[in-house]
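The values are calculated or read from the model by the stated rules, or taken from the named source; none is laboratory data. Computed from a predicted structure; not experimentally measured. Quick reminder, even Gly has a Cβ in these numbers, built from the backbone with ideal geometry, and neighbours come from all protein chains shown.
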Amino acid sequence: MSNKRLDGKVAVITGATAGIGQAIARKFAAEGADLVLTGRRRDRAEALAAELREAGAYVELVIGDIRSDELLDELAQTVRSSYGRIDSLVLNAGVIAYAPAVEIRPQDFDEMMAVNVRAPWMCVRVLNDLLADGATIIALGSVSSFMVFPGESVYCMTKAAVIQLVRALAVEFADRKIRVNALCPGVIGEGGMSQVAIDASADPAVEIANATASTPLGRLGSLDEIAIGAVFLASDESSFMSGTNLVLDGGLMVPRI
């Protein structure tokens, strides 16, 4: 009998070709899951799939923009023909643009709303009939779901919306024993949105120092730590957890005077 926590489970992961999504794909594969991965970068997707297949995982790829209805239809068809069901749906794809609310470009506002809010909802809508009873849905929130950071007002708004989507879906899917939770990272020291923010700052070294000083544990998080949180939410270990948030932030959100 396998002691892998996701053995035999079918997982769909959006935004799986970089950062947190890629880390989750690797960790899910190591825990025995069969995967359907989406992303926009074909080169990255194919390299990741080759790596995971070499390690013994079953991997299907659907390449394209998560905002596209055609991509979602292809995703549903791939799952239906390859596996017939979804045991864990990880809604990870996200984008960010930096500017005060009154300066953000309308096209950047629209893109963040489309990728961070509409796309997760559409994924659930399109894939609904493929979700197995007792499945899990994991939506990537953030500490930005609860806090406001300079230049991130619209992004914070979209991540706050994710939390309410999770709460609503947890109620609506409860009769099918489908659990829905948000995974909310703090500042991650490699890849993902945190790296985008660090690289976009005037002085990345100062940005890292400030983030580290603001985190009570005195360091930034790792992609692996976030991926481990996703495995917990996808596994039976979190069987009585739904409609809530797993915050992995090193204490960043603890109120301090």
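Points worth noting:
- Subset of the stretch 163-188 (residues that are surrounded by 20 or more Cβ atoms within 10 Å (Cβ to Cβ) and small (Gly, Ala, Ser)): Ala182, Gly186
- Contact annotation: no residue pair with Cβ atoms under 6 Å, 6 or more positions apart or on different chains, pairs a residue in the stretch 188-204 that is over 27 Å from Ile228 (Cα atoms) with a partner that is of a type in the set (Gly, Ala, Ser).
- Residues that are among the β-branched types (Val, Ile, Thr), farther than 24 Å from Val187 by Cβ and touching a residue at least 12 places away in the same chain (Cβ under 8 Å), drawn from the stretch 97-149: Val124, Val126, Thr136, Ile137
- Filtered residue count, the stretch 225-255, keeping only those that are in contact (Cβ under 8 Å) with a residue 24 or more places away in the chain and part of a loop (DSSP other than H, G, I, E, B): 12
- Condition met for Ser2 (at pLDDT below 95 and either under 28 Å from Gly134 (Cα atoms) or in contact with a helix residue (DSSP H, G or I) (Cβ under 7 Å, 6 or more places away or on another chain) (or both)): yes
- Being modelled with pLDDT of 95 or more, closer than 28 Å to Ser194 by Cβ, in contact with a Phe, Trp or Tyr (Cβ under 7 Å, 6 or more places away or on another chain) and assigned to a helix (DSSP H, G or I) holds for only one residue in Met122, Met112, and it is Met112.
- Residues that are within 14 Å of the chain's Cα centre (by Cα) and among the small types (Gly, Ala, Ser) within the stretch 133-159 comprise Ala139, Gly141, Ser142, Ser144, Ser145, listed in sequence order.
- In a residue-by-residue description of the stretch 30-37, the property of being closer than 29 Å to Ala170 by Cβ and either assigned to a helix (DSSP H, G or I) or modelled with pLDDT under 95 (or both) applies to at least one position.
- Residue that is surrounded by the fewest Cβ atoms within 10 Å (Cβ to Cβ), among those in the stretch 219-250 that are small (Gly, Ala, Ser) and in contact with a Ser or Thr (Cβ under 6 Å, 6 or more places away or on another chain): Gly250
- Among (1) closer than 20 Å to Ile20 by Cα; (2) surrounded by fewer than 22 Cβ atoms within 10 Å (Cβ to Cβ), the one test that Ala132 misses: (1)
- Members of the stretch 70-81 that are touching a residue at least 24 places away in the same chain (Cβ under 8 Å) and surrounded by fewer than 14 Cβ atoms within 10 Å (Cβ to Cβ): Asp73
- Residue tally, condition assigned to a loop (DSSP other than H, G, I, E, B), β-branched (Val, Ile, Thr) and modelled with pLDDT of 95 or more, over the stretch 132-179: 1
- Within the stretch 20-40, considering residues that are of a type in the set (Gly, Ala, Ser) and buried (at least 23 other Cβ atoms within 10 Å of the Cβ), the one nearest to the chain's Cα centre (by Cα): Gly21
- Filtering Arg53, Arg44, Arg67, Arg5 for residues that are surrounded by fewer than 20 Cβ atoms within 10 Å (Cβ to Cβ) and under 16 Å from the mean Cα position of the chain (by Cα) leaves a single hit, Arg67.
- Residues of the stretch 110-125 that are of a type outside the set (Val, Ile, Thr) and in contact with a Ser or Thr (Cβ under 9 Å, 6 or more places away or on another chain): Met112, Met113, Asn116, Ala119, Pro120, Cys123.
- So Ala160, is it surrounded by 14 or more Cβ atoms within 10 Å (Cβ to Cβ) and among the aliphatic types (A, V, I, L, M): yes
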